[in-house]
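A short write-up of the structure that comes next.
Since every read-out is calculated from the coordinates, none of them should be taken as a lab result. Being a predicted model, the structure only gives us computed values, none of them experimental. Ideal geometry is used to build each Cβ from the backbone, glycine not excepted, and the neighbour counts take in all protein chains shown.
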Amino acid sequence: MKKLFLTLLMCVSVFTVSAQLKTVDLRVGVRNTFGIGGGITIGILDFVDFAPNFNYFFTENGSTFSADADFHYNIEIDDLWEIYPLAGGCLVHGRNRDGDGDTRNKLGTNVGGGVRYFLTDQVNVFGEIKHQFLFDSDKMDKTCFAIGVNLVL
């Protein structure tokens, strides 16, 4: 597992050396509870982006956050619309305030897609859906919905 993670990390670092920061993202989402988040989008190729993001979800009896690193394959529909399938990895951290303060960290993969609408040259909005398949999940696998705004740099 460690070798696989290090190999993926090396591949990402090789791609990001020649990459260009494209956008800063602000988002709200739902992963069984409401959450907020942010991220960046890095252009690797003309049609492939690397999009790491961090999301915090408000829960009744604890806290949950998700750190995701997704790759988007951008498909331009017309001048204003773009869709993208996505795949990547995630780290989900859950903490329970009740009882013993149980803490869980789970690694997993993301699979999903999104749509982007270009409001102006500097601002666009997006919607995204993805499912997080977590290793040894303890029923922590969830489908995430997000909407947000991209600020083009």
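Its Cα centre serving as origin, the stretch 23-117 has a Cβ charge dipole (Lys and Arg +1, Asp and Glu -1) of approximately 480 debye. Around the amide H of N74, modelled in the peptide plane, lie the amide H atoms of V48, D49, all under 5 Å away and 5 or more residues distant in sequence or on another chain.
A Förster radius of 25 Å, combined with the Cβ-Cβ distance separating N105 from T143, puts the computed FRET efficiency at roughly 0.80. Projecting the Cα positions of V92, G39, T109 onto the charge dipole of the stretch 19-153 (unit charges on Cβ atoms of Lys, Arg, Asp and Glu, taken about the Cα centre) puts V92 furthest along the positive direction. Packing, as the average of other Cβ atoms within 10 Å across residues, places the peptides 87-94, 53-60 in the order 87-94, 53-60, highest first.
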